[in-house]
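Here is the structure we will look at.
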Amino acid sequence: MKKIIKFYFLLSIIIGQSHQNFSLSLLNDISFSNKDTTFNSSGVELVGMGHMHPNAMIMAYINFPFNDEKFSIEEVYIDFKNKLNIKFGYFRPDIGFINKAHAHTYNFISSPNSMKYLLGNHNWSTLGVAFGYQLPFKWENNFSINILKNTIGDVSHISHNDNHFNVSIQDTINNDLAYSMILKNSFKLNDKLKIKFGTNFTNGREKSNDGLSFQLKNEKNPFNFWVLQFEFMKANIYNYHNGLAYHPNEKLQSQYFLLGRQYNKNFHFGIIVDQWNYELKDILGNSKSIYLSYAPMNDDFVIRVKISDNQTILGNNPYGVIKIIWSLGPHKPQRY
């Protein structure tokens, strides 16, 4: 373990740098909660990004856990931005707000339970291609069609094993592709108030998911704002969902409400209330939490705290967690 940590620390010094067309960053964290008897870490995350062409960007997010010699790929894709935007590779479909975000950018440490039950602990990633186009509306928008290897709840994982990249798709019913249509909209009400809202429809392998997302943001400047955010999704989760067996006609309804306040470049505070409902199991649950994020020096070093009742399907288990995240390179853990 000590050798692994030293290796990653040395590697971070060497590659945590930026060039004109390409950059590499390393992020690491350490956390402690009242549920654990020791410190934990999600490992080292390597983030690479660069322009192959003025209109083409490549992105890669790779995680190196400390407790496993294998590494896992969160996203690796190429994004062409022109009149028709094309993205292909292994990526997170751009539904709502939570699924696309990486955990190290959460001000609130971890996603709401309602989203975890639907998207999985590490959100929903899949092999596929996405075609996006801006519709001729007066406001900013993007309509995209996604052709995907798997659908929400099908557990997919890309890992390194025996010097080869292996793709394992679990819980796959057949080889049929999944399809998703996503519409995102954004417009300003005035010089401070901005609204974002979207809809998504996904279908494949006799599974489906429909969702709505909404965000209202009042921004005086990039470091002083409040944000109200809401997502609602309802899915047919079929026989298997994120590795667990369910009734073939089970419906999962997930929603959360978030209210956050960024006071300055250093401090963010907010609350999250979320709810989930399994229709056939007749299970209705909810959880509530408060969170804060503090960057004492700059965006490279962030302290985050979350206190939650952590109600789960198995019952109520109150907990508090503190996490410290730092980075080397231009990819920062602090977001605004």
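The values are calculated or read from the model by the stated rules, or taken from the named source; none is laboratory data. None of these values were measured; they are calculated from a predicted model. Positions of Cβ are backbone-derived with ideal geometry, glycine not excepted, and every protein chain shown enters the neighbour counts.
Could you tell me which of the residues 281, 288 is part of a strand (DSSP E or B), modelled with pLDDT under 95 and not small (Gly, Ala, Ser)?
The unique qualifying residue is 288.
If I filter region 247-261 down to residues being at pLDDT 95 or above and among the polar types (S, T, N, Q), which single residue comes out as farthest from residue 322 (Cα to Cα)? Per the criteria, the residue is 253. Screening region 116-125 for residues that are surrounded by 15 or more Cβ atoms within 10 Å (Cβ to Cβ) and either assigned to a strand (DSSP E or B) or of a type in the set (S, T, N, Q) (or both) and picking the one that is nearest to the chain's Cα centre (by Cα) gives 123. Does residue 255 satisfy being closer than 23 Å to residue 153 by Cβ and crowded, with 19+ Cβ neighbours inside 10 Å? Yes; evaluated as a whole, the condition is true for this residue. Specify the residue that is nearest to residue 232 (Cα to Cα); the eligible residues are those in region 244-285 that are out of contact with any Phe, Trp or Tyr (no Cβ under 7 Å at 6 or more places or on another chain) and among the basic types (Lys, Arg). Only one residue tops the list, namely 251.
Kindly indicate whether residue 272 is closer than 19 Å to residue 225 by Cβ, buried (at least 21 other Cβ atoms within 10 Å of the Cβ) and touching a Lys or Arg at 6+ places or on another chain (Cβ under 8 Å). Criteria met by residue 272. Filtering region 191-205 to residues that are over 23 Å from residue 218 (Cβ atoms) and over 22 Å from the mean Cα position of the chain (by Cα) leaves only 205.
Within region 126-165, the set of residues being assigned to a loop (DSSP other than H, G, I, E, B), touching a Ser or Thr at 6+ places or on another chain (Cβ under 9 Å) and either modelled with pLDDT of 95 or more or buried (at least 19 other Cβ atoms within 10 Å of the Cβ) (or both) comprises 149, 150, 151, 152, 154.
Return the only residue of 87, 70 being modelled with pLDDT of 95 or more and either out of contact with any Cys (no Cβ under 8 Å at 6 or more places or on another chain) or on the phi < 0 side of the Ramachandran plot (or both).
Matching residue, one of 87, 70: 87.
Looking only at residues in region 166-185 that are surrounded by fewer than 15 Cβ atoms within 10 Å (Cβ to Cβ) and modelled with pLDDT of 95 or more, the one that is nearest to residue 92 (Cα to Cα) is 181. Might you check whether a residue that is under 27 Å from residue 36 (Cβ atoms) and either among the hydroxyl-bearing types (Ser, Thr, Tyr) or modelled with pLDDT of 95 or more (or both) occurs anywhere in region 238-245? The answer is no, given that none of the residues of region 238-245 is under 27 Å from residue 36 (Cβ atoms) and either among the hydroxyl-bearing types (Ser, Thr, Tyr) or modelled with pLDDT of 95 or more (or both).
I'd like the residue in region 276-305 that is of a type in the set (Ser, Thr, Tyr) and without any contact (Cβ under 8 Å) to a residue 40 or more places away in the chain and, out of all such residues, is surrounded by the most Cβ atoms within 10 Å (Cβ to Cβ).
278
Would you be able to say whether some residue in region 24-45 is within 15 Å of the chain's Cα centre (by Cα) and either within 22 Å of residue 302 (Cα to Cα) or at pLDDT 90 or above (or both)? Yes. When residue 309 is tested against (1) more than 20 Å from residue 121 (Cβ to Cβ); (2) modelled with pLDDT under 90; (3) of a type outside the set (Gly, Ala, Ser); (4) touching a strand residue (DSSP E or B) at 6+ places or on another chain (Cβ under 7 Å), only condition (1) is not met. Selection of region 218-229 for residues being buried (at least 18 other Cβ atoms within 10 Å of the Cβ) and either farther than 15 Å from residue 270 by Cβ or without any contact (Cβ under 8 Å) to a residue 60 or more places away in the chain (or both) yields only 227.
Within region 95-115, can you find the residues that are part of a helix (DSSP H, G or I) and surrounded by 23 or more Cβ atoms within 10 Å (Cβ to Cβ)? Outline the logic, then answer.
Going residue by residue through region 95-115, those that are part of a helix (DSSP H, G or I) are 103-105, 113-115.
Within region 95-115, 104, 113, 114, 115 meet the criteria.
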